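Visitor: Before we start, here is the structure in question, set down as structure tokens.
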Amino acid sequence: MSDKAFEVLTARILIARRRRLFGSAPMFHQYKQVTTSDLDSLESQLGHMLPNALRIFLLIAGYGDLNGSYFGLRQEFFSVIETGELANHVMFAQDELGNFYAYSCVDGAIFFIERHAPEHARLADNFETFLEELERRSFDLQGWTDSLKMLPYTWQR
């Protein structure tokens with residue numbers, strides 16, 4: 001997907017609305033604006049580059065919550081995984097159940113990491129396809145993650 005096409009997808013997400021008991025609310029609620037300098041500093045701290053699409057999304061949308069608190073992006077969620085099958089991947093988001101989301105520093109693939117069980121699953125080939133699929137599923141992230149074939153995760157070696 002080109003950067004321009006991804007910017008269009010991001011714009012769609014930012015204008016999308018979700019139903020509430022009374023009326024509607026924005027699909028994405030910004031917590032904090034993000035600058036290029038912020039992301040450069042984050043990459044320096046992590047020792048890894050952000051996937052280009054994640055960088056673009058954060059620069060346009062900022063840190064915030066997608067679909068209420070179902071998927072939160074915060075600077076404090078970013079950390080390098082040091083052990084297990086996803087060692088040297090970067091956690092970058094968390095959902096309302098405390099599950100984690102990570103990206104591969106090699107190919108940008110997105111992974112779901114179960115918080116309450118030592119399990120994980122590959123969600124998407126990259127952040128672009130993750131957001132496309134999430135939009136296609138009407139932002140039902142929990143329904144998506146509940147349908148995954150989970151693999152064991154070894155946190156301790």
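The values are calculated or read from the model by the stated rules, or taken from the named source; none is laboratory data. Worth saying up front: this structure is predicted, and the values here are computed from it rather than measured. Backbone-built Cβ (ideal geometry, glycine too); neighbour counts: all protein chains shown.
Visitor: Could you look through the range 1-39, keep only residues that are β-branched (Val, Ile, Thr) and in a helix (DSSP H, G or I), and pick out the one that is nearest to residue 141 (Cα to Cα)?
Guide: Restricting attention to the range 1-39, the residues satisfying the condition of being β-branched (Val, Ile, Thr) are 8, 10, 13, 15, 34-36.
Right, trim to in a helix (DSSP H, G or I) and you get 8, 10, 13, 15, 36.
Numbers: 8: 21, 10: 17, 13: 14, 15: 19, 36: 28 Å.
In this case the residue turns out to be 13.
Visitor: I'd like the residue in the range 100-133 that is touching a residue at least 40 places away in the same chain (Cβ under 8 Å) and charged (D, E, K, R) and, out of all such residues, is surrounded by the most Cβ atoms within 10 Å (Cβ to Cβ).
Guide: 128
Visitor: Out of all the residues in the range 40-55, which are in contact (Cβ under 8 Å) with a residue 60 or more places away in the chain and in a helix (DSSP H, G or I)?
Guide: 53, 54, listed by residue number.
Visitor: Taking residue 138 and the conditions (1) surrounded by fewer than 20 Cβ atoms within 10 Å (Cβ to Cβ); (2) part of a loop (DSSP other than H, G, I, E, B); (3) touching a residue at least 40 places away in the same chain (Cβ under 8 Å), which numbered condition does it fall short on, given that it satisfies the others?
Guide: (3)
Visitor: Could you tell me which residue of the range 113-146 is modelled with the lowest pLDDT, considering only residues that are more than 20 Å from residue 9 (Cβ to Cβ) and hydrophobic (A, V, I, L, M, F, W, C)?
Guide: Only one residue fits best here, namely 117.
Visitor: Take the residues of the range 60-89 that are out of contact with any Ser or Thr (no Cβ under 7 Å at 6 or more places or on another chain) and of a type in the set (A, V, I, L, M): which is modelled with the lowest pLDDT?
Guide: 66
Visitor: Does residue 153 qualify as being surrounded by 15 or more Cβ atoms within 10 Å (Cβ to Cβ) and farther than 22 Å from residue 51 by Cα?
Guide: yes
Visitor: Still on this structure: From 128, 96, 76, grab the single residue that is more than 19 Å from residue 34 (Cβ to Cβ) and of a type in the set (Asp, Glu). First the steps, then the outcome.
Guide: Values: 128 fails: more than 19 Å from residue 34 (Cβ to Cβ); 76 fails: more than 19 Å from residue 34 (Cβ to Cβ).
On inspection, the qualifying residue turns out to be 96.
Visitor: Got at least one residue in the range 70-85 being within 11 Å of the chain's Cα centre (by Cα), in a loop (DSSP other than H, G, I, E, B) and touching a residue at least 40 places away in the same chain (Cβ under 8 Å)?
Guide: Among the residues of the range 70-85, at least one is within 11 Å of the chain's Cα centre (by Cα), in a loop (DSSP other than H, G, I, E, B) and touching a residue at least 40 places away in the same chain (Cβ under 8 Å), which makes the answer yes.
Visitor: Let me ask you something else. If you scan the range 56-69, which residues turn out to be among the hydrophobic types (A, V, I, L, M, F, W, C) and not in a strand (DSSP E or B)? Write out each step before concluding.
Guide: Pass one, the range 56-69, residues among the hydrophobic types (A, V, I, L, M, F, W, C): 56-61, 66.
Scanning the range 56-69 gives 56, 57, 58, 59, 60, 61.
Visitor: OK, next. Consider residue 97 carefully, then state whether it is under 24 Å from residue 132 (Cα atoms) and either assigned to a helix (DSSP H, G or I) or free of Cβ contacts under 8 Å to residues at least 12 places away in the same chain (or both). Lay out the reasoning, then the answer.
Guide: On the way: under 24 Å from residue 132 (Cα atoms): yes; either assigned to a helix (DSSP H, G or I) or free of Cβ contacts under 8 Å to residues at least 12 places away in the same chain (or both): no.
No; evaluated as a whole, the condition is false for this residue.
Visitor: From the residues in the range 23-42 that are at pLDDT 95 or above and surrounded by 15 or more Cβ atoms within 10 Å (Cβ to Cβ), which one is farthest from residue 79 (Cα to Cα)?
Guide: Looking at the filtered set, the residue picked out is 34.
Visitor: Being touching a His at 6+ places or on another chain (Cβ under 9 Å), within 26 Å of residue 30 (Cβ to Cβ) and either assigned to a strand (DSSP E or B) or among the hydrophobic types (A, V, I, L, M, F, W, C) (or both) narrows it down to one of 130, 112, so name that one.
Guide: 112
Visitor: Being among the charged types (D, E, K, R) and either touching a Pro at 6+ places or on another chain (Cβ under 7 Å) or in contact (Cβ under 8 Å) with a residue 60 or more places away in the chain (or both) is the filter here, so list the residues in the range 141-157 that pass it.
Guide: Restricting attention to the range 141-157, the residues satisfying the condition of being among the charged types (D, E, K, R) are 146, 149, 157.
If the condition is that a residue be among the charged types (D, E, K, R) and either touching a Pro at 6+ places or on another chain (Cβ under 7 Å) or in contact (Cβ under 8 Å) with a residue 60 or more places away in the chain (or both), then 157 is the only one that fits.
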